[in-house]
Amino acid sequence: MFQKKNINERRKYQRFFIKGGAYIALQPNCKRLDPIIDISMGGIAYYYVDTENKPLKNVKATIVLPDSKFSISDLPAKTVSDYEISNENDLDIPLRRRSIKFDKLSGSQFLMLEQFMQHHTESK
C-alpha cells in the first residue's frame, strides 16, 4: 500500500493527512504536543511555536491521536528541514514548520507505523 514514489521525485513515500488530526512529541525534553501536518512511511511534517530557538538533529518522536487511544513512541528521527512560515496572526509568535525523517526503525516500530497509516490516514 505504501510504495516508494518515482525515483525522480525528492520524496520516497507518498504523504498522507491524518484523519481527525494527530500530534507529535519529541524527546529529549518533550514539553508539548505539536500538530502534525502530514505523515509518510519516511517521516512527518508538523507546525510548532519556536520558544527555545534550539535546533534539533537526532530525536525520538511520539505520535499521539487526540483521543489518546493510540500512540507510537520512541521513533528515531532526524530533522531534514526547519523554517519559519509566514506569520498571519497579530501575536508575534514565530510559527515554524519542521520535517523529520525516520531513522532506523525497528521491525515492530515499522509495523506499528504501517498499521497507524492504514487505519488513521487519508490521501492528500
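The values are calculated or read from the model by the stated rules, or taken from the named source; none is laboratory data. These numbers come from a predicted model, not from an experiment. In this analysis, Cβ positions are derived from the backbone assuming ideal geometry, glycine residues included, and neighbour counts consider all displayed protein chains.
For region 88-107, check the following and say yes or no: at least one residue is among the acidic types (D, E), part of a loop (DSSP other than H, G, I, E, B) and at pLDDT 90 or above.
The answer is yes, given that some residue of region 88-107 is among the acidic types (D, E), part of a loop (DSSP other than H, G, I, E, B) and at pLDDT 90 or above.
Restricting to region 47-79, name every residue that is in contact (Cβ under 8 Å) with a residue 40 or more places away in the chain, touching a Ser or Thr at 6+ places or on another chain (Cβ under 8 Å) and under 21 Å from S123 (Cα atoms).
Hits for region 47-79 are I63, V64, L65, I72.
Taking the options D50, D38, name whichever one is more than 19 Å from M112 (Cβ to Cβ), surrounded by fewer than 17 Cβ atoms within 10 Å (Cβ to Cβ) and acidic (D, E).
Unique residue meeting the criteria: D50.
Please specify each residue of region 36-79 satisfying the condition of being among the charged types (D, E, K, R) and under 15 Å from R98 (Cβ atoms).
If the condition is that a residue be among the charged types (D, E, K, R) and under 15 Å from R98 (Cβ atoms), then D38, D50, E52, K54, K57, K60, K78 are the ones that fit.
So which residues in region 53-78 are surrounded by fewer than 18 Cβ atoms within 10 Å (Cβ to Cβ), part of a strand (DSSP E or B) and among the small types (G, A, S), if there are any at all?
The answer is S71, S73.
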